[in-house]
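Below: the structure, in structure tokens.
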Amino acid sequence: MSNAKTLYPIKVGKKYGYIDNTGEVVIEAKFDYAEEFEGQLAIVDIDEKFGFINKEGNLVVKAEYDDVYNFSEGLAAIQLGNKSGYVDSEGNLVIQCQYDEAGDFSEGLAAVKLGYKWGYINKAGEMVIEPQFLDAFDFSDGIAVVQLGGKLGYIDKDGNFIIEPKYDSAYGFSEELAAVTIKKKCGYIDKSGNIIIPAKYHEANDFKEGLAAVEVKNKYGFIDKKGELIIPAKYDWTEEFYQGFAAVAVGEKYGFINREGKEIIPLIYDNVDTISEGFVAVEVDGKWGYVDLEGNLVISPAFDEVGKFVNGIAKVEIGNKASYINNNGEYIWKA
């Protein structure tokens, strides 16, 4: 187990505090609600007002907002009444609450809504792309998806369309390709708008680790960036690849395959969750446990809910009580 200082929220009575990865209470249970730390800060609730604490338990953003969101690129969207603005990590209100909605910063810009239209501001609060879109999404590689006139297209950071709004649905670029819908069929385009993989799928997901899940005749398989079906379309459900594995299902049974399509974790479970630190959460007869990446059962299904492992510790629930276990299945803190 790493010696990194990782903190985990706990509930004691009606209050929330934090333990470390040894199970020691390091921030007393004094908050009305507390979320997991994202980086060095965590969202807390005091008397139905929200702010941020550091790992010493000190408020760095006062709990005075009606809602707050996690930091992105050094700023966090906050809400006062029905208007939104941004604070920095020292608690300064750096962009006044003036927007009807406010998104995360990505590549220096954030989508904000005024009335019914979305535009983009920079970190100084300057409107650099005027509100004109029915919807607007995060920038990635200098490109963002926006909706105009009922269709979706792609703009650059000056607000110019680099791919005209002509798609019924469109997603962000992932590994240089983006899934789009043309006449109720899905395919993939490059950043110049060229169709790289023809629109012939009922559903098409993002490329991850060189492969993308597509739906062919009501079944899911995986294609490569040439559009070749690498893993046959025989699954009723799939997730994207992560660390070389993808969750799949046939009927009501779930497991994992590798990039060659080989079943690594057999499709025998009632449900599965994401991979974390070499463990996969699996459900058997309504109870959750964990298997390793070779499919060996390492923590028997005994919990109503389980979380991912973070620095060797996972949150588990029995009834409405949340506890924490280590990767040997031993409790480090029990509600």
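The values are calculated or read from the model by the stated rules, or taken from the named source; none is laboratory data. This is a predicted model, so every value here is computed, not measured. For neighbour counting, all protein chains shown are included, and Cβ atoms are generated from backbone atoms with ideal geometry for every residue, glycine included.
Couple of notes before you dig in:
This table checks each residue for (1) outside any strand (DSSP E or B); (2) basic (Lys, Arg); (3) within 22 Å of Arg259 (Cβ to Cβ).
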position: Val145; (1), (2), (3): no, no, no
position: Ile163; (1), (2), (3): no, no, no
position: Gly172; (1), (2), (3): yes, no, no
position: Val180; (1), (2), (3): no, no, no
position: Ser192; (1), (2), (3): yes, no, no
position: Gly221; (1), (2), (3): no, no, yes
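- Residues within region 279-299 that are on the phi > 0 side of the Ramachandran plot and either outside the structural domain of Asn326 (by TED's automatic domain parsing) or touching a residue at least 24 places away in the same chain (Cβ under 8 Å) (or both), tallied: 1
- Region 116-141, residues that are at pLDDT 95 or above, loosely packed, with under 14 Cβ neighbours inside 10 Å and under 19 Å from Val180 (Cβ atoms): Asp135
- Leu41 vs. criteria over 24 Å from the mean Cα position of the chain (by Cα) and among the aliphatic types (A, V, I, L, M): no
- Residue match in region 299-309 (condition: aromatic (Phe, Trp, Tyr) and under 19 Å from the mean Cα position of the chain (by Cα)): yes
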